[in-house]
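S.K.: Take a look at this one; I'll ask things after.
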Amino acid sequence: MRFLYVHIPFCVKKCRYCDFVSAEASPEQREAYLRLLKAEAALHRGERPKDGLLTIYFGGGTPSLQTPAQIGDVLSSFRDTFGFAPSMEITVECNPETVSRRCLKQLRRLGVNRLSFGAQSFQDHHLKEMGRVHNSEDISRAVEDAVGAGFENINIDLMYGLPSQTLAEWRESLEKAVSLPVTHISTYGLKLSPLTAWGRLAERGELELPSDDLNADMQLFAMDFLDKAGFPRYEIANFAKIGYPCRHNTAYWLRKDYLGLGLNASSLTGGDLRTVNESDFERYREKVESGVFPWASRENLSADEIREEEIFLPLRMIWGLDIAAFAKKYGSDYFAQKKGQMVKLFDAGLLTVEEGQLKLTDKGVLLNNEVLSALI
Ligand code: SF4
């Protein structure tokens, strides 16, 4: 295990579309949580990798609500517990309103070398309706401060499919994003859970959401626009300048073992054990303090489930699935049995084969769920 995810479940306030495990918390609660994270890490000391961790990803929530001193403290504890490889990627997710150049400089000095900003949109009226705390100027200021603090690997997240969003607004957000000194852009389509404020409005028919066709146009537009702007797509929703794909997230798509610490964090161990931590703070605290793994669920994946993941994870990526390597592992019968479905997918222009790699086309990316369920 050389990839570590750390969940920081605190936010300034809850966004109206958010169903992540995140909540407001006092400075004391945040400090107490960090103590638990270090204790949970210590429970895994037997899994110390021989050559140290390759990536650490602080996700949330809003990890940038923690002070640089607190992040430095947990990093030093992880270094003791797991060891660090000489060349690591350490990412901290930030919300633009929570960072100053001074704190970014401190993070950089601690070895953090990648930032991921939750920008979401460059239209202030959308940000306000989403319940975001920042405005569009905050995004540009935060990215420029990050560069001034010495960061050269910077992601921004953008969302499409927002209520009443137009294609022209989506285009403007993408144009503003590529005009900033960023190396990576993630694009997410709005998906609403009924447990969120917007989800409840949508259920009552009180939210004007873009049609499926407009959502598809926005996604296709992003693929074409970002590619031309020097950010080729390397995963269904992720675009990066050459040399800047996220190493941490790529490990998930390559099905590497990873360890997740904190509320609701999942882990993959030995390629077949998937565990998910408690999402309730008190249950998490009780288990960690009793010296047991704070798992809410523990599942041994079956051979079929592993094979399914070995199909759909590579297909998410631009490099696709190595047909010969897959056939060597699972026999050539697998795709032969799926011949009928595959012919339909090829005829519909959703799948293609290039140099022995099975890949989704751009149209296949739009319908990736349908393609993947036909294949597994
Ligand atoms: S900042 Fe992110 S994690 Fe926090 S409430 Fe908003 S969407 Fe959720």
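S.K.: Within segment 39-67, work out how many residues are without any contact (Cβ under 8 Å) to a residue 60 or more places away in the chain, surrounded by fewer than 20 Cβ atoms within 10 Å (Cβ to Cβ) and assigned to a helix (DSSP H, G or I).
M.R.: 3
S.K.: Output the residues belonging to segment 361-371 that are open to solvent by less than 20 Å² (accessible area, probe 1.4 Å) and farther than 16 Å from Tyr188 by Cα.
M.R.: Gly364, Val371
S.K.: Have a look at Ala240, Ala229 and point out the one that is in contact with a His (Cβ under 9 Å, 6 or more places away or on another chain), under 21 Å from Ser121 (Cβ atoms) and not charged (D, E, K, R). Can you show your working first?
M.R.: Details: Ala229 fails: in contact with a His (Cβ under 9 Å, 6 or more places away or on another chain).
Only one candidate qualifies: Ala240.
S.K.: Among the residues of segment 38-47, are any under 21 Å from Ile156 (Cβ atoms) and in the same structural domain as Thr196 (by TED's automatic domain parsing)?
M.R.: Scanning segment 38-47 turns up no residue that is under 21 Å from Ile156 (Cβ atoms) and in the same structural domain as Thr196 (by TED's automatic domain parsing).
S.K.: When you go through (1) under 30 Å from Glu31 (Cα atoms); (2) open to solvent by 10 Å² or more (accessible area, probe 1.4 Å); (3) of a type in the set (Phe, Trp, Tyr) one by one for Phe151, which number turns out not to apply?
M.R.: All conditions are met except number (2).
S.K.: Another question about this same structure. Do you know which of the residues in segment 12-38 that are closer than 19 Å to Glu278 by Cβ, within 14 Å of the ligand (Cβ to nearest atom) and touching a residue at least 40 places away in the same chain (Cβ under 8 Å) is most open to solvent (accessible area, probe 1.4 Å)? Even if it seems obvious, please write down each step before you answer.
M.R.: Taking segment 12-38 as the starting set, the residues that turn out to be closer than 19 Å to Glu278 by Cβ are 19-23, 25, 29-30, 32-38.
Now drop any that are not within 14 Å of the ligand (Cβ to nearest atom), which leaves 19-23, 25, 30.
Still in the list and also touching a residue at least 40 places away in the same chain (Cβ under 8 Å): 19-22, 30.
Working: Asp19: 91, Phe20: 130, Val21: 38, Ser22: 19, Arg30: 44 Å².
Only one residue tops the list, namely Phe20.
S.K.: If you don't mind, another one. Being touching a Lys or Arg at 6+ places or on another chain (Cβ under 8 Å) and surrounded by fewer than 20 Cβ atoms within 10 Å (Cβ to Cβ) is the filter; apply it to segment 85-129 and report the residue that is nearest to Gln165 (Cα to Cα).
M.R.: Only one residue fits best here, namely Glu129.
S.K.: Given the criteria crowded, with 19+ Cβ neighbours inside 10 Å, closer than 27 Å to Lys363 by Cα, of a type in the set (Phe, Trp, Tyr) and within 16 Å of the ligand (Cβ to nearest atom), does Tyr234 qualify?
M.R.: No; evaluated as a whole, the condition is false for this residue.
S.K.: Which condition does Lys128 not pass, out of (1) in a helix (DSSP H, G or I); (2) of a type in the set (D, E, K, R); (3) in contact with a helix residue (DSSP H, G or I) (Cβ under 9 Å, 6 or more places away or on another chain), if it passes all the others?
M.R.: For Lys128, the failing item is (3).
S.K.: Sticking with this one: So the check is Cβ under 6 Å with 6+ separation or different chains; which pairs have a first residue in segment 124-148 that's assigned by TED's automatic domain parsing to the domain that holds Arg102 and a second one that's part of a helix (DSSP H, G or I) and basic (Lys, Arg)?
M.R.: Correct list of pairs: Asp145/Arg101; Gly148/Arg101.
S.K.: Take Gly118 and tell me if it is within 30 Å of Gly243 (Cβ to Cβ) and within 13 Å of the ligand (Cβ to nearest atom).
M.R.: The answer is yes for Gly118.
S.K.: Pick out the one residue from Ile323, Ile318 that is over 21 Å from the mean Cα position of the chain (by Cα), open to solvent by 30 Å² or more (accessible area, probe 1.4 Å) and not polar (S, T, N, Q).
M.R.: Ile323
S.K.: Any residue at all in segment 134-143 that is under 27 Å from Arg247 (Cα atoms), of a type in the set (Lys, Arg) and open to solvent by 10 Å² or more (accessible area, probe 1.4 Å)?
M.R.: There is at least one residue in segment 134-143 that is under 27 Å from Arg247 (Cα atoms), of a type in the set (Lys, Arg) and open to solvent by 10 Å² or more (accessible area, probe 1.4 Å).
S.K.: In segment 239-284, what residues are open to solvent by 10 Å² or more (accessible area, probe 1.4 Å) and under 19 Å from Val365 (Cα atoms)?
M.R.: Result: Pro245, Asn249, Thr250, Tyr252, Trp253, Leu254.
S.K.: Does Thr81 meet the test of being within 16 Å of the ligand (Cβ to nearest atom), open to solvent by 10 Å² or more (accessible area, probe 1.4 Å) and in the same structural domain as His248 (by TED's automatic domain parsing)? Walk me through it before giving the result.
M.R.: Working: within 16 Å of the ligand (Cβ to nearest atom): no; open to solvent by 10 Å² or more (accessible area, probe 1.4 Å): yes; in the same structural domain as His248 (by TED's automatic domain parsing): yes.
Answer is no for this residue.
S.K.: Something else: Test Gln165 against the criterion of being within 16 Å of the ligand (Cβ to nearest atom), in contact with a His (Cβ under 8 Å, 6 or more places away or on another chain) and not aliphatic (A, V, I, L, M), and give yes or no. Spell out the reasoning first.
M.R.: On the way: within 16 Å of the ligand (Cβ to nearest atom): no; in contact with a His (Cβ under 8 Å, 6 or more places away or on another chain): yes; not aliphatic (A, V, I, L, M): yes.
Against the criterion (within 16 Å of the ligand (Cβ to nearest atom), in contact with a His (Cβ under 8 Å, 6 or more places away or on another chain) and not aliphatic (A, V, I, L, M)), Gln165 does not qualify.
S.K.: Output yes when any residue across segment 298-309 is open to solvent by 50 Å² or more (accessible area, probe 1.4 Å), of a type in the set (Val, Ile, Thr) and assigned to a helix (DSSP H, G or I), and no when none is.
M.R.: Taking every residue of segment 298-309 in turn, none turns out to be open to solvent by 50 Å² or more (accessible area, probe 1.4 Å), of a type in the set (Val, Ile, Thr) and assigned to a helix (DSSP H, G or I).
S.K.: Another question, then. Hey, can you tell me all the residues within segment 102-125 that are within 22 Å of the chain's Cα centre (by Cα) and not in a helix (DSSP H, G or I)?
M.R.: Result: Gly111, Val112, Asn113, Arg114, Leu115, Ser116, Phe117, Gly118, Ala119, Gln120, Ser121, Phe122.
Residues are listed down the side, and each one gets a yes or a no for (1) assigned to a helix (DSSP H, G or I); (2) within 22 Å of Lys128 (Cβ to Cβ); (3) hydrophobic (A, V, I, L, M, F, W, C):
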{"residue": "Thr187", "(1), (2), (3)": "no, yes, no"}
{"residue": "Pro194", "(1), (2), (3)": "no, no, no"}
{"residue": "Arg200", "(1), (2), (3)": "yes, yes, no"}
{"residue": "Glu206", "(1), (2), (3)": "no, yes, no"}
{"residue": "Leu214", "(1), (2), (3)": "yes, yes, yes"}
{"residue": "Ala222", "(1), (2), (3)": "yes, no, yes"}
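S.K.: Would you please list the contacts, defined by Cβ atoms under 8 Å and residues six or more apart or on different chains, that run from a residue in segment 319-336 that is basic (Lys, Arg) to a residue that is in a helix (DSSP H, G or I)?
M.R.: If the second residue must be in a helix (DSSP H, G or I), the pairs left are Lys329/Glu310.
The values are calculated or read from the model by the stated rules, or taken from the named source; none is laboratory data. Model, not experiment: these values are computed from the prediction. Positions of Cβ are generated from backbone atoms using ideal geometry, with glycine treated the same way; all protein chains shown enter the neighbour counts. Side chains included, ligands, DNA and RNA excluded: accessible areas come from the protein's heavy atoms. Shrake-Rupley method; radii C 1.70, N 1.55, O 1.52, S 1.80 Å.
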